[in-house]
Every structure is written in C-alpha cells, then in structure tokens.
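Handing you a structure now.
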Amino acid sequence: MTANPCFGRNAHNEQPAQVPLAGARPKTPFTDDFSTFVQSLLDEFKVPGISVAVIDGEKTFSEFRFQGFGYATLPDVKATPETLWLGASTTKAFVGAALSQFIQNQTYPDVLKKGWSTPISDVIPDDFALTDDWATRHLTIEDAISHRTGLPRHDLSWSYTNKGSRTPVRDVVRNLRNLPLTAQPRAIYQYCNLMYMVLSHVIETLTKQPLKETFHELFWGPLNMTSTFLDLDDARKSSNSLATGYYWDKTTESYGAVKLDTLQESGAAGIITCVTDHAKWLRSLIYETGPLSNATHADIRKPRFISNAEPTSGMDVTLYGLGWLRTKFHGETLFHHSGQSLSFGTTIFWLPERKYGVVVMGNVFLQANMVGEVVARRLVEDALGVNAADRFDIFNKLKTDLEKRDREYSEAVKTLYPDLSQGHPPTAALHILAGEYHNAGYGTLAFRKDRENQQDYLLAQRRDAVYQYKVRLVHVSGDEWVAYYDSLSGSRLPAQFFKAKFKFDDNAKPNALDIVMGDGTPGTEPFTVTFDRVASPLKSRL
C-alpha cells in the first residue's frame, strides 16, 4: 500500500512538507518531489493517469513526467501534455463567453435587445417551454447560465440517441416541457446541464451554424487551440492520441475501460481537448487578452448568483457566473470549475490577481476530479507560500466523501425506509409487474425479471440515455421498492437510488410505477416521476 502524503493540518499526524517561500519557488513546478506526490495520489484514488498544465506569470508549464503521472491508455500509452481528454462541463465557460461576446458587441441587437435579460422564449419560441407558463415566458438567458431557473438536473431524462440516431440538441430542449420544476425561478442555485443545452440551441439559432464552428471562430482558432474539439469523430482524426476512460472495479481490484463515454454533449459537456490548449484559454482569461473584448472579460468575472452561502473546505462563500465559480482562497480571488463525464475528470483553478492557473485532466469519473482538486490546491498553495499548518486537509475530506458515497449506496433501504417493517410480499409477482412503463420526460423503462446473488429483482436498461444506466427495482416490503440507477459501463455515475412504488387498477393489475426523485438540495421538493404501463410483461430470462 502506498503511504499517504501530508496534505495539510492533521494529515495522518505526519511532519508538514516543506513549503517554498514566496519568491523562492523552483523554476518548474514539476519537481521530483511533485512527481512522487502525484503518483501517490494516482495510486490512492485509483486513476491511471493525468496531465497537468500550470500558468505562472509569463511562463506556461505543461510538461508531464510519466514516472509520476501514469497512463492515458493502459498498459503503456503515457499521458502527455498533448493527450486528449473529455473536458465535460468545462465547456460551459465557452458558452458563457460566446453569449457575453454577442451581448457586449451587440452582434445580434434585433434578437438580444435586452442583453442578458432577454427571455429565452424570445430567441427559440417554438422549442422552449416549461411546465410553468410564467417561467416559460420570463426566464432569461442570464437565469439559464446562472443555474437559477428552478429546474433541477433531470440528467436521467437526458437522451443520447433516438431510434438509433444521435438526439438533436433541439429535441433535448423540447423535452423540458415534460420535466417539473422543483423550486421557484430565481430562488435557489440548482446546477442544470440541460439549461446549457438550451443555451447551445440559442447560440446555434443566433449564428445559424453548429456550435463547434462558432467556438472555433470566436476562441479556438484565434488562440491556436488546434487540439480542441466538440465532436468525437473530429478528435479521433487528430494526430494527438485520445485517452481511454476507465472505472475502478473494487471487486477485482482492476481497471475496466469505458468503451464509449456518452456524456459528451454540446455546450453542456462537449469539449475534448488537451491541457496545453486549455492553458492557452486560461492564459487569455488571466491576462484579459484577445480574442475577447475587455467588456467580455469583465463580464466573465462578474458573479451572478450565490452557489454556496457557507464557507467550506478552506474556501469562502462561492458565487457563480458565466461557467465559473468564484470564491476566495487564502485571501485571493479564485475562479474554478470542474468537468465530469462517465470516465473523465477535469479541474481548473485560476487566480487573476496572481496571474496563476492550473489545469488537471484525468481518466476516471470523480476520482480524477479528486486527484485534480488535491493537485491544484497543492500547486496554488505552494505558489502562494502557504504554510502546511494553514492548508485545509482536502485529501482526507475527499477520501471520506468517497467512502461515504459508497456506504450510503449500500444502505439505501435503511435511508429511504427507516421505519418500514420488511417482509410483506408485493401485491403482484415480479413476472406480472414486468413490462414497459413510459414517462413523457424520462422515456421508457422496459423491465424484465432478473436474478443476482440469490435475489430476484426487475431490471431495465437505458443505453439510449446520456448516462447509460440500468434501473434495478429491488423489493422492500408490500408495494414499496428501491429503484437503483447504476451505470451500464461500470462508472460510478449515476449511482443513485430512489423510492419506488407500483400502482394498480381496479382489477389489481399494475398500471403505473412512481419513482420519487430529488437530490435533497435545500429549498427544493422531491418530485414524482410516473411511468405509465404501456406494454404487457416481457419474456423473463428465468
């Protein structure tokens, strides 16, 4: 087992690591000590490899020492600064910058008459409709980009393919009319990927061209980001190698490859890039250079909404703007954002006053982000000359969070039904309950009877969904069930569980399935997704 390094106060009661004094940092941040540090993280969090870029004043470092930074593809393709990774939600910053550039430059004055306050329905009236009429008419572009629309994530409704073809962005947007709001508009912060699909559709409607062409014209071309793409086929044609995404199988203690990472979607999560290109983008933001105007740079740094009103994990109150979170870290203004796909993770930090930035990209969902968080903090705190005793122990917090996540999933029944007496049989046998159930927003779940570890349950698979999941309905007692949403690819995403209950008609035949969803965000209410039965039982494997 690899020894855990010291990451901050009370870290395993070890002696604090030596911290360079401000102004006395090594010429490169990628020292032998740093390589050893990173390798210990990869071993501890089970991530094959990462690439790291650092912007420090006039210098940009993006070298990668394989002896400490692992592999892009196992067993022997080393991660490099040019390795391509899926950047997921780091795409959102480009959406925000594009819209800001349009608004600040008055590129489309006839449509964006009210700037950020332009109602979305003014731009895409035929496609944008929500379950609430007021929200449909009044929600603005700024509301959507700030995650303050009242619409929760609804990621499990997100369609990847429809009848064998890639689901158009427009169809994803039109499906919002079938998805409930869980809070009043502009009341609370609710991160929502689907609203960035809406904004992608807004940009494509304005420009009358694919989003990737707009991004290339506005940013990637002028910044010479020649290894950045919004299309997987384009990325595969690149001379740079595309990393393989993985998951860690705790049972076999080995990595499994994710053959197709489908969480690669337009302006919400579409970017495929390398740390070298990301560093070019970050440098332009830090130094407020072209191709963006001065007004757009100022707009990007302007916070729009409160993301987290409480200081946490060594960071101050957190605000949200145009695809960036803004906070204070050791008294310095910090912008940051992460990106998570089914099998990749990206972490970006930048401190404008210090002219300092970090990009970390790796190839396991969540765990790569945890490595990225620890690495980015280490680099920033070293650059700031922060004493070890004053550093928040982010390593142990993230390890605890990971263990808690796994433990809560294994204790789903106790969590959802703490007072329910078990042992009562279901109203109908599993082979009677099996069949197709449909919800207009969430699609079709085709259940069949299955068996694992001497337990019968109902199983449905959704390979057409962005999250590539299966739903296991496990009986608890009577008509109460747990709906487990697990990955079909081995990823930790989605790994969610909800209460579920079958409903019956007057003839005691099953006619619907209710699944009570929600993420527990303060100020929101759980919502029930009703799947109506649309077909007779499917043939069981048993």
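The values are calculated or read from the model by the stated rules, or taken from the named source; none is laboratory data. Small disclaimer: the values here were computed from a predicted structure and weren't measured. As a convention, Cβ positions derive from the backbone with ideal geometry for all residues, glycine included, and neighbour counts pool all protein chains shown. Note: areas computed on protein heavy atoms with side chains; ligands, DNA, RNA excluded. Shrake-Rupley method; radii C 1.70, N 1.55, O 1.52, S 1.80 Å.
Would you point out the residue of the stretch 307-320, among those that are assigned to a loop (DSSP other than H, G, I, E, B) and touching a residue at least 60 places away in the same chain (Cβ under 8 Å), that is farthest from residue 353 (Cα to Cα)?
This residue is 313.
I want to confirm something. Restricting to the stretch 424-467 and keeping residues that are polar (S, T, N, Q) and in a loop (DSSP other than H, G, I, E, B), which single residue is nearest to residue 268 (Cα to Cα)?
Applying the filter and picking the extreme gives 453.
May I ask you to say which residue of 36, 60 is modelled with pLDDT under 95, open to solvent by 10 Å² or more (accessible area, probe 1.4 Å) and in a strand (DSSP E or B)?
Answer to the selection: 60.
Looking at the stretch 438-497 only, could you name the residues that are aliphatic (A, V, I, L, M) and open to solvent by 30 Å² or more (accessible area, probe 1.4 Å)?
Hits for the stretch 438-497 are 440, 446, 488, 495.
Determine the pairs where a residue that is more than 14 Å from residue 101 (Cβ to Cβ) and hydrophobic (A, V, I, L, M, F, W, C), located within the stretch 280-306, has a partner that is open to solvent by less than 10 Å² (accessible area, probe 1.4 Å) and not in a helix (DSSP H, G or I) with Cβ atoms under 6 Å apart, the partner being 6 or more residues away or on another chain.
Final answer for the pair search is 282/55; 282/350; 282/357; 286/350; 286/352; 286/357; 305/146; 305/320.
While we're on this one: Looking only at the stretch 510-533, which residues are at pLDDT below 95 and either touching a helix residue (DSSP H, G or I) at 6+ places or on another chain (Cβ under 8 Å) or more than 15 Å from residue 441 (Cβ to Cβ) (or both)?
519, 520, 521, 522, 523, 524, 525, 526
I'd like the full set of residues that are open to solvent by 50 Å² or more (accessible area, probe 1.4 Å) and touching a His at 6+ places or on another chain (Cβ under 9 Å), limited to the stretch 392-421.
Of everything in the stretch 392-421, nothing turns out to be open to solvent by 50 Å² or more (accessible area, probe 1.4 Å) and touching a His at 6+ places or on another chain (Cβ under 9 Å).
Let me ask you something else. Answer yes or no as to whether residue 334 is open to solvent by less than 20 Å² (accessible area, probe 1.4 Å), part of a loop (DSSP other than H, G, I, E, B) and either modelled with pLDDT of 95 or more or hydrophobic (A, V, I, L, M, F, W, C) (or both).
The answer is no for residue 334.
List pairs: first residue in the stretch 420-442 and on the phi > 0 side of the Ramachandran plot and at pLDDT 95 or above, second residue open to solvent by 70 Å² or more (accessible area, probe 1.4 Å) and β-branched (Val, Ile, Thr) anywhere in the structure, Cβ distance under 9 angstrom, at least six positions apart or on different chains.
The qualifying pairs are 435/534.
Quick one: in the stretch 482-502, of everything that is touching a residue at least 24 places away in the same chain (Cβ under 8 Å), part of a strand (DSSP E or B) and not aliphatic (A, V, I, L, M), which residue is farthest from residue 423 (Cα to Cα)?
Per the criteria, the residue is 487.
Also, I was wondering about something else. Taking the stretch 118-144 only, how many residues are open to solvent by 70 Å² or more (accessible area, probe 1.4 Å) and under 20 Å from residue 204 (Cβ atoms)?
Residues that pass the stated criteria total 3.
Any chance the stretch 505-519 includes a residue that's open to solvent by 10 Å² or more (accessible area, probe 1.4 Å), without any contact (Cβ under 8 Å) to a residue 60 or more places away in the chain, among the aliphatic types (A, V, I, L, M) and not in a loop (DSSP other than H, G, I, E, B)?
yes
Say we look at the stretch 226-270 and pick out the residues that are within 20 Å of residue 80 (Cα to Cα) and small (Gly, Ala, Ser); which of these is most open to solvent (accessible area, probe 1.4 Å)?
Per the criteria, the residue is 239.
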